[in-house]
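The values are calculated or read from the model by the stated rules, or taken from the named source; none is laboratory data. Nothing here was measured: the structure is a model prediction, and the numbers come from that model. Quick reminder, even Gly has a Cβ in these numbers, built from the backbone with ideal geometry, and neighbours come from all protein chains shown.
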Amino acid sequence: MSARALDAGRVSPAAQTLDALPLTSLRGVGPRSAQKLAGFGLETVQDVLFHLPRRYEDRTRIVPIGRLRGGDHAVIEAGVDLAEIKYGKRRSLLVRVSDGTGSLLLRFFHFNRSQQESFVRGARLRIYGEVRRGPSMAEMVHPEYQRLGDDEQVAVEERLTPIYPTTEGLHQLTLRKLSQQAVGLLAPGRLPEWLPERLLAQLQFSDLQSALRYVHRPPPGADVAALEAGVHPSQQRLAFEELLAHHLSLRRVRLRAQHLRAEALDTPSPTRQAFERQLPFALTGAQRRVIGELLHDLAQAHPMMRLVQGDVGSGKTVVAAAAALQAVGCGCQVAIMAPTELLAEQHCANFSDWFTPLGVRVGWLSGKVKGKARQRLLSELAAGEVQVLVGTHALFQGDVAFQRLALVIIDEQHRFGVHQRLALRDKGRAGERVPHQLIMTATPIPRTLSMALYADLDTSVIDELPPGRTPVQTVAIGEGRRAEVVQRVRQACREGRQVYWVCTLIEESESLQCQAAEDTAGVLAEALPELNVGLVHGRLKERDKSARMSAFKQGELDLLVATTVIEVGVDVPNASLMIIENAERLGLSQLHQLRGRVGRGTAQSSCVLMYRAPLSQMARKRLAVMRATNDGFEIARQDLELRGPGEVLGTRQTGMIAFRIADLMRDQPLLDKVEDTARHLIGQHPERVEPIIRRWLGHAPRYGQV
Ligand code: ADP
Ligand code: MG
């Protein structure tokens, strides 16, 4: 338990604000259970009040069995027809009940004799549970129930029943009792209101206390539909404050960064200028603008934290190169990290080609660089001889020490959470100084998400593709027409184009995926004997993988069969046809990433999404989106809509968006105001910032710390 809560215990409860009132002041909570509750992040009465119901159960009316549908949570009142024990795979007690409108089966896997005996024929029961479709009739598995006397009339609940998020060891009923008492303690002045009054009036939000009371104990006659949908004004009031808390905590990270020191990379870099002059193409306007924004940030004496978003193929790599050369020109070192070995290697090849003629040393480090080679690299790095180090996560292992690291570039890493970003920055810390950070993402992040999750970063957008690109034409074709697709590959190669054939499997097993790719490569080589067919997958030796990639790049291979290892970053402009197998199983952003490997040259490119029927509704929608647009932002927006933010961000970030009540999709309309309010509070009421964050994120991982 925190010192805050312990100290508070000595003062009389009635005089305290609820954020200082320990749980031991509630009935039924002794020191032992208080300690246990603290383990769940519940230390004060305020904590209980902000542990919000996840949903509600409507036990206010009795539903006739005949009207139940699968998935309903409902109260029924029925008589027992029959009770029997069934010995199947698992012993279970089955009780058939009926109410004149229909019958229902209650199923118990755990039961005792007296329970079994209570289900006598004709006994009346009040039952609460979730309806499921069973093999013969609707069922409830382990419902709550109560035996009623013959003529007994038991009132139904008057209010909706709140259901709280629980974990093992924390019982629903405990939470219900605690919240009941906590709500009882709400009184004027006991829970500070931090939102500006003007805002509350403007958005017609109720005050904090009423909102909390409402969501914990909705009054009789409450608007059930609104509550279930999470759009009741009381819920919106709280969701707003929660989004505000998250946003403020990220802004705080950014504010604090301004007090940290970094190398001011402000002297002109002739190397960078030479690099830009010798490129075989002219930079796009967007590239020039973003480079300008980076140079401006890098010249400051506090660390840049900037996210560069640009759709696949928008040319982020040269932008990164320019930033790197600016740092090198100022006598500093740069680390460039990519999420996969393949992509890191490709960067290494690109940067070596570009930088070596300019007299800049590029080094390579991955987990596979070992022994003497690694030792040599590390000592050259420590001596400052290697100026640009490219690699994977291995760049940030404990024994990797730079002489003067001033800039960290992270490519294609939209799955990074804020704590990981901060951890990386800290690893590059040298005494007082931290490196500048540039994060590049190819998956455009819809504004919704970027505001809630990336508000600690400044953002630049490369919103223009290099000239001469024609949008990729996309078709969806059923598996049954494979022969046609093979024919199409033959035709494309005959015209001098190159082709990717991507094998995907839903199973996480890499080896299965590699096997599938191997098999496919064999079959295709046989069907297309006139073509040179290559194969890359994750289980090849690094050397073989890069040899085959470069053979493809050189045009020595016509057809490259690959697993999703080529998903990010791979760049072969002459490849203009891509076949994606099992496309129905991939998410939109992954499909977009894959498709982004073609359409990089001037030839008209196409993408064939091969699927196996029947398509689920979701899959059908995804394929339709892919056919309709090439715009990464639009695709990301649709992805968010179809899947929701938790899924879109992937498991690594779910911890960050475990909102208590807010929902990024549903609450989008609030976001502009959240941003305004954050600005207003930071400017006018800076003393409120910490308490708001603490109230909502107090027990979350401390990503506000720098
Ligand atoms: P991404 O943003 O997906 O990382 P890349 O940096 O790999 O894109 O660039 C895609 C391709 O476009 C590369 O072949 C690159 O050389 C080329 N390219 C980048 N900028 C330009 C430009 N301004 N004009 C023409 N081609 C460009
Ligand atoms: Mg890239």
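Checking Gln309, Gln287, Gln278 one by one, the residue that is within 15 Å of ligand 1 (Cβ to nearest atom) and closer than 14 Å to Thr441 by Cα is Gln309 and no other. Gly367 meets the conditions (1) in contact with a His (Cβ under 8 Å, 6 or more places away or on another chain); (2) surrounded by 20 or more Cβ atoms within 10 Å (Cβ to Cβ); (3) assigned to a loop (DSSP other than H, G, I, E, B) in every case but one. The failed one is (2). The condition of being surrounded by fewer than 23 Cβ atoms within 10 Å (Cβ to Cβ), of a type in the set (Val, Ile, Thr) and without any contact (Cβ under 8 Å) to a residue 60 or more places away in the chain holds for only one of Val523, Val572, that being Val523.
Report whether or not Ala257 is more than 16 Å from ligand 1 (Cβ to nearest atom), in contact with a helix residue (DSSP H, G or I) (Cβ under 9 Å, 6 or more places away or on another chain) and closer than 23 Å to Ile462 by Cα. Write out each step before concluding.
Numbers: more than 16 Å from ligand 1 (Cβ to nearest atom): yes; in contact with a helix residue (DSSP H, G or I) (Cβ under 9 Å, 6 or more places away or on another chain): yes; closer than 23 Å to Ile462 by Cα: no.
The answer is no for Ala257.
Answer yes if at least one residue in region 354-370 is modelled with pLDDT of 90 or more, within 11 Å of ligand 1 (Cβ to nearest atom) and not hydroxyl-bearing (Ser, Thr, Tyr), and no otherwise. Yes, the conditions are met somewhere in region 354-370.
Inside region 279-317, can you point out the residues that are over 20 Å from Leu465 (Cα atoms) and among the polar types (S, T, N, Q)?
Gln300
Could you say whether any residue in region 438-445 is away from ligand 1 (no atom under 16 Å from the Cβ) and at pLDDT 90 or above? Within region 438-445 (the criterion being away from ligand 1 (no atom under 16 Å from the Cβ) and at pLDDT 90 or above), the answer is no, since none of the residues qualifies. Of all residues in region 332-344, none are within 19 Å of Pro466 (Cβ to Cβ) and either buried (at least 19 other Cβ atoms within 10 Å of the Cβ) or more than 9 Å from ligand 1 (Cβ to nearest atom) (or both). When residues in region 124-137 are screened for being surrounded by fewer than 18 Cβ atoms within 10 Å (Cβ to Cβ) and either without any contact (Cβ under 8 Å) to a residue 12 or more places away in the chain or hydrophobic (A, V, I, L, M, F, W, C) (or both), 2 of them pass. If you go through region 73-92 and keep only what is surrounded by 13 or more Cβ atoms within 10 Å (Cβ to Cβ) and among the β-branched types (Val, Ile, Thr), you end up with Val75, Ile76, Val80. Taking Gly79 as the residue in question, decide whether it is without any contact (Cβ under 8 Å) to a residue 12 or more places away in the chain and of a type in the set (Gly, Ala, Ser). In short, no. Screening the candidates His347, His296 for the property of being more than 16 Å from ligand 1 (Cβ to nearest atom) and not hydrophobic (A, V, I, L, M, F, W, C) yields one hit, His296. Of the residues making up region 396-420, those that are more than 16 Å from ligand 2 (Cβ to nearest atom) and at pLDDT below 75 are Gly417, Val418, His419, Gln420. Which numbered condition in (1) of a type in the set (Gly, Ala, Ser); (2) out of contact with any Pro (no Cβ under 9 Å at 6 or more places or on another chain); (3) modelled with pLDDT of 85 or more is the only one that Gly599 fails? For Gly599, the failing item is (2). Scan region 354-364 and tell me whether some residue there is within 16 Å of ligand 2 (Cβ to nearest atom), free of Cβ contacts under 8 Å to residues at least 60 places away in the same chain and not polar (S, T, N, Q). Among the residues of region 354-364, not one is within 16 Å of ligand 2 (Cβ to nearest atom), free of Cβ contacts under 8 Å to residues at least 60 places away in the same chain and not polar (S, T, N, Q), which makes the answer no.
Taken over region 153-173, the criterion of being over 15 Å from Arg54 (Cα atoms) and without any contact (Cβ under 8 Å) to a residue 24 or more places away in the chain is satisfied by Gln153, Ala155, Glu168. Here Gly496 fulfils each of the conditions (1) in a helix (DSSP H, G or I); (2) at positive phi apart from (1). Gly534 passes every criterion in (1) of a type in the set (Gly, Ala, Ser); (2) surrounded by 16 or more Cβ atoms within 10 Å (Cβ to Cβ); (3) in a helix (DSSP H, G or I) apart from (3).
Looking across Gly100, Gly79, one residue alone is part of a loop (DSSP other than H, G, I, E, B) and at pLDDT 90 or above. It is Gly100. Every condition in (1) in contact with a strand residue (DSSP E or B) (Cβ under 6 Å, 6 or more places away or on another chain); (2) of a type in the set (Val, Ile, Thr); (3) closer than 23 Å to Ser450 by Cα holds for Val362 except the one numbered (3). Looking at region 234-346, the helices (runs of 4 or more DSSP H) lying wholly inside it that each contain 1 or more residues that are among the hydroxyl-bearing types (Ser, Thr, Tyr) and either away from ligand 2 (no atom under 16 Å from the Cβ) or without any contact (Cβ under 8 Å) to a residue 24 or more places away in the chain (or both) sit at 270-278.
When region 564-594 is examined, which residues are found to be over 19 Å from the mean Cα position of the chain (by Cα) and either assigned to a strand (DSSP E or B) or among the acidic types (Asp, Glu) (or both)? Selection gives Asp571, Ala575, Ser576, Leu577, Met578, Ile579, Ile580, Glu581, Glu584.
With respect to (1) away from ligand 2 (no atom under 16 Å from the Cβ); (2) at pLDDT 90 or above, the lone exception for Asp544 is condition (2).
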